[in-house]
Amino acid sequence: MKTIKLSLAALILSVTFTSCTKDNDDPIVVEENPLADYNMLTTLKANSHSLEVYSDQDQFTIGYNELFIRIKDEAADSYVSDADISWMPVMHMTEMMHSCPKSEVSKTENVSVYKGYSIFQMPGNADEYWELTFDYTIDGQAYNATERIEVTAPVDGKKKVNSFMGSDDTRYILAMMPMDPEVKVNDFSAVLFKMEDMMTFPIVEDYKVTIDPRMPGMGNHSSPNNEDLNYDAASKAYKGKLSLTMTGYWKINLKLMNADDEVLKGETVSEENESSSLFFEIEF
Ligand SMILES: [Cu+2]
């Protein structure tokens, strides 16, 4: 993961500049974009503000999207710090509307950059689309902005999110967190939510996700030293280890268990049953 560049160089530059131009009352402050290494996915223009949404990815896709937000005050031509931001993604389908799991929007070490994540469970199409709404407060004044966004299936076509009904008649969403797979024992994380209603998706704590990575193209062999995903309260994610012994296509078979170790979804892989109905995919 990239880190957000602090504008230290810009600060030094502007101080130097100011001291050399005592005649000029209005020194130019050169501000480096702290998100220069990211892609700007969309800009919402409203209330004389531009809300810029950035990501490591080059588009909104189904699954886990880590997003960064900046608010530009168009009149002052500067970025707003100390805003309070909340957001709501809503999918407008032909028969209904629904939201998706998402984090709060929080501040980062750079005062003009805010961040959060959103987990889209399905892509838009010609008749059905996602809309992103921001409610934000600057200096006690409340604003909002809404814009339609394109949410696409991942470029590599691999499954990174599961939306399913558990054996307890609860609908869950389980998403893999982004990782750069390598031939080694990798850190591996996922986030789990339940669908309380169309608009509410709380995090599910203290369940367990077992993993069984297999290479279906090579006799469905597995790998040693995997560790099942257990809930980590600090990060509110499920964490474990994924062992990948070679490059290629891996199907990571999963089972979701509740706190009583009852299986809510997924099956054990065996000679007779080559895969689970709950899985992620990786190809590298
Ligand atoms: Cu939908």
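For this structure, a couple of remarks:
- Residue list for segment 140-156, filter: at pLDDT 95 or above and among the acidic types (Asp, Glu): Glu147, Glu150
- Qualifying residues in segment 86-102 (those that are farther than 16 Å from Phe193 by Cα and buried (at least 20 other Cβ atoms within 10 Å of the Cβ)) - the one nearest to the ligand (Cβ to nearest atom): Met91
- Filter pass, Lys251 being within 24 Å of Gly166 (Cα to Cα) and of a type in the set (Lys, Arg): yes
- Given (1) more than 19 Å from Phe201 (Cα to Cα); (2) within 16 Å of the ligand (Cβ to nearest atom); (3) touching a residue at least 24 places away in the same chain (Cβ under 8 Å), index of the condition Ala126 fails: (3)
- Segment 130-160, residues that are of a type in the set (Lys, Arg) and loosely packed, with under 15 Cβ neighbours inside 10 Å: Arg148
- Selection from segment 64-85 of residues that are of a type in the set (S, T, N, Q) and away from the ligand (no atom under 16 Å from the Cβ): Ser78, Ser81
- Condition check for Glu147: in the same structural domain as Glu52 (by TED's automatic domain parsing) and farther than 22 Å from Ile69 by Cα: no
Residue by residue, here is whether (1) among the charged types (D, E, K, R); (2) touching a strand residue (DSSP E or B) at 6+ places or on another chain (Cβ under 8 Å); (3) at positive phi holds:
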residue	(1), (2), (3)
Glu104	yes, yes, no
Glu109	yes, no, no
Asp135	yes, yes, no
Ile203	no, yes, no
Asp206	yes, yes, yes
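- Failed condition for Ser112, given (1) in contact with a Phe, Trp or Tyr (Cβ under 8 Å, 6 or more places away or on another chain); (2) within 16 Å of the ligand (Cβ to nearest atom); (3) in a loop (DSSP other than H, G, I, E, B): (2)
- Restricted to segment 236-284, the set of strands (runs of 3 or more DSSP E) holding at least 2 residues that are more than 21 Å from Gly63 (Cα to Cα) comprises 237-244.
- Selection over segment 161-170 of residues that are surrounded by fewer than 17 Cβ atoms within 10 Å (Cβ to Cβ) and either closer than 18 Å to Ala237 by Cα or small (Gly, Ala, Ser) (or both) gives a count of 1.
- Among the residues listed as Lys265, Lys208, Lys236, the single one being over 21 Å from the mean Cα position of the chain (by Cα) and either charged (D, E, K, R) or over 26 Å from Glu104 (Cβ atoms) (or both): Lys265
- Among the residues of segment 66-108, those identified as acidic (Asp, Glu), more than 30 Å from Lys160 (Cβ to Cβ) and in a loop (DSSP other than H, G, I, E, B) are Glu74, Asp77, Asp82.
The values are calculated or read from the model by the stated rules, or taken from the named source; none is laboratory data. Keep in mind it's a predicted model, so treat the numbers as computed, not measured. Quick reminder, even Gly has a Cβ in these numbers, built from the backbone with ideal geometry, and neighbours come from all protein chains shown.
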